[in-house]
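> Provided herewith is a single structure, encoded as structure tokens, for subsequent inquiry.
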Amino acid sequence: MKKLFGLALVLLVASLFYSCKDAAPVSAPVSDSNTSGSLSKVNYPQADFFLVQYTADESGFTNAVKDAGGNVDAVHPEIKVAKVSGLTDKTAAQLEKKAGIKSVSRDLMVQWVKPGNTVEQQSIGSDESFWAYQWAPQAIHAPEAWDAGFTGQGIRVAVIDGGIASNHVDLKDNIDVAASKSFVPGFNFNEDTGTFWHATHVAGIIAAEDNGIGTIGIAPHATIIAIKALHDGSGSFDAIISAILYAANEANADIINMSLGAVFPRNSNGAAKLIVALGKAVNYAHQKGVTVIVAAGNDAIDFDHAYMYVSEPAEIQHVICVSATGPTGFAYGGTNFDDPAEYTNYGQSLVSFAAPGGNDLLYPNGYWYYDMILSPSYGTGNYTWADGTSMAAPNVAGVVALIMQSHGGHLSPSRVEAILRSSSDDLGKPGNDDYYGKGRVNAYNAVMQ
């Protein structure tokens with residue numbers, strides 16, 4: 001395939017928009033990164049419904065809710081969790097005391113993704129019009145995996161996030177529209193707000209098509225299942241739990257990617273029981289054989305020593321938690337793609353593996369945004385530079401899709417993690433590292449296992 005590295009770019013002062021003849025504008029760079037100083041504001045708005053965890057049989061549970069004046073809106077019998085409306089704090093407390101009721105917790109509307117965007121070799125993909133700016137596939141040796149014949153064909157990846165632009169030229173043929181679904185009332189799976197569309201960027205990193213346009217994903221022939229649980233980055237625990245269970249059941253996903261997360265005070269009365277319910281959903285997906293991949297978070301916190309906070313779902317059991325790496329000065333020839341990103345959360349107890357998430361340091365000579373990740377965004381043909389562990393997680397999801405295809409199809413989560421562990425590049429201190437976990441993923445090594 002031909003190389004198109006001489007792409008002419010036109011810089012428009014202030015807005016940083018780019019254009020080329022066969023792709024729509026690339027929009028201003030955005031960042032998912034946060035600062036630890038903002039963590040003092042970890043009180044999230046309360047929802048008008050409750051999550052009830054129960055041990056009773058279905059009829060006994062339903063009768064207990066009705067007796068308390070509540071309405072059962074949705075039941076997840078797989079994990080014995082239900083969404084209940086119509087309760088007051090007083091009647092909720094009364095319900096919690098009844099036999100067969102384990103806990104009753106008012107749900108929270110959590111900002112899982114920061115609002116307002118605060119998220120050269122001959123091989124397949126070398127004719128994508130923006131290939132010259134995609135350092136991430138090179139960093140994890142994806143082109144070599146493609147040339148070995150592995151592109152994610154036949155593997156289904158559920159992206160639990162906001163709305164996905166399902167008509168984007170670089171994604172439309174890889175999205176299973178029939179299986180895609182929204183758990184946000186009033187919005188379809190392909191609706192969101194703003195001019196970034198976090199979920200679209202994430203999906204593009206996983207599976208942007210090999211079509212000679214724009215960018216190419218790590219697994220360009222994988223299938224994306226778009227599951228909307230967030231709107232403008234915000235959503236309830238119930239929406240995410242529902243999305244996980246749907247992905248593991250009806251949607252028949254092999255992989256779940258959740259480029260989302262939030263920090264909560266440890267032992268928070270408002271969130272602790274909700275986190276338990278979320279953990280039940282993740283554990284159910286794991287038992288169903290679905291590999292769950294999550295972002296480590298962008299608060300630059302050492303979670304080996306952050307005794308006052310918990311990061312969820314990054315700290316839930318049975319997830320692959322991904323930290324972020326990136327280059328400095330890629331536009332000026334920088335070839336070290338493995339510096340820990342300045343924003344990434346870290347800690348040996350938190351991080352499973354590392355992957356490209358990009359950097360947003362203000363490189364003194366300009367073009368700093370080239371150190372970020374370029375991927376599709378809103379509309380039918382827009383692209384955006386962005387960075388964050390939200391961008392690192394889908395790089396791993398793409399690699400896992402390649403691994404599964406290389407082994408003939410679906411693999412158990414334990415087998416996937418074992419392959420990642422034995423194939424990743426051991427960076428930092430030998431063995432488990434604060435920033436790199438068990439290593440920075442290597443797609444070629446992984447598919448050759």
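> I'd like the full set of residues that are of a type in the set (F, W, Y) and more than 20 Å from the chain's Cα centre (by Cα), limited to the range 137-186.
Correct list: W146, F150.
> Using beta carbons and a limit of 7 Å, which pairs, at least six apart or on different chains, have the first residue in the range 211-222 and closer than 8 Å to F130 by Cα and the second one surrounded by fewer than 24 Cβ atoms within 10 Å (Cβ to Cβ) and among the acidic types (D, E)?
Sorted first by the residue in the range 211-222, then by its partner, the pairs are I213/D22.
> Looking at the range 422-430, is at least one residue farther than 18 Å from N257 by Cα and in a helix (DSSP H, G or I)?
Yes, the range 422-430 contains at least one residue that is farther than 18 Å from N257 by Cα and in a helix (DSSP H, G or I).
> Also, I was wondering about something else. Could you list all residues from the range 74-90 that are within 25 Å of E250 (Cβ to Cβ) and loosely packed, with under 14 Cβ neighbours inside 10 Å?
Across the range 74-90, the qualifying residue is only P77.
> Let me ask something else about it. Within the range 345-356, track down each residue that is more than 15 Å from the chain's Cα centre (by Cα) and either surrounded by 24 or more Cβ atoms within 10 Å (Cβ to Cβ) or of a type in the set (S, T, Y) (or both).
Matches in the range 345-356: Y346, S349.
> Check every one of the strands (runs of 3 or more DSSP E) wholly within the range 144-244 and list those with 1 or more residues that are in contact with a helix residue (DSSP H, G or I) (Cβ under 6 Å, 6 or more places away or on another chain).
156-161, 223-228
> So which residues in the range 357-388 are within 21 Å of the chain's Cα centre (by Cα), farther than 23 Å from A295 by Cα and of a type in the set (S, T, N, Q), if there are any at all?
The answer is N382, and nothing else.
> Could you tell me whether A314 is surrounded by fewer than 24 Cβ atoms within 10 Å (Cβ to Cβ) and within 17 Å of A354 (Cα to Cα)?
No; evaluated as a whole, the condition is false for this residue.
> It is to be established whether one or more residues within the range 377-384 are modelled with pLDDT of 95 or more and either buried (at least 24 other Cβ atoms within 10 Å of the Cβ) or not assigned by TED's automatic domain parsing to the domain that holds R156 (or both).
no
> Does G279 fit the bill of being assigned to a helix (DSSP H, G or I) and of a type outside the set (A, V, I, L, M)?
Spelling it out, G279 is indeed assigned to a helix (DSSP H, G or I) and of a type outside the set (A, V, I, L, M).
> Is one or more of the residues making up the range 402-419 assigned to a strand (DSSP E or B) and either buried (at least 21 other Cβ atoms within 10 Å of the Cβ) or of a type outside the set (A, V, I, L, M, F, W, C) (or both)?
no
> Assuming L361 fulfils every condition listed in (1) surrounded by fewer than 24 Cβ atoms within 10 Å (Cβ to Cβ); (2) assigned to a strand (DSSP E or B) apart from one, which condition is it?
(2)
> Regarding the range 274-285, can at least one residue be identified that is basic (K, R) and modelled with pLDDT of 95 or more?
Scanning the range 274-285 turns up at least one residue that is basic (K, R) and modelled with pLDDT of 95 or more.
Per-residue answers, yes or no, for (1) modelled with pLDDT of 95 or more; (2) under 26 Å from G408 (Cβ atoms); (3) of a type outside the set (D, E); (4) not assigned by TED's automatic domain parsing to the domain that holds Q405:
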position	(1), (2), (3), (4)
I216	yes, yes, yes, no
P220	yes, yes, yes, no
F237	yes, no, yes, no
D254	yes, yes, no, no
K288	yes, yes, yes, no
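The values are calculated or read from the model by the stated rules, or taken from the named source; none is laboratory data. Just so it is clear, the model here is predicted, and its values are computed rather than measured. Backbone-built Cβ (ideal geometry, glycine too); neighbour counts: all protein chains shown.
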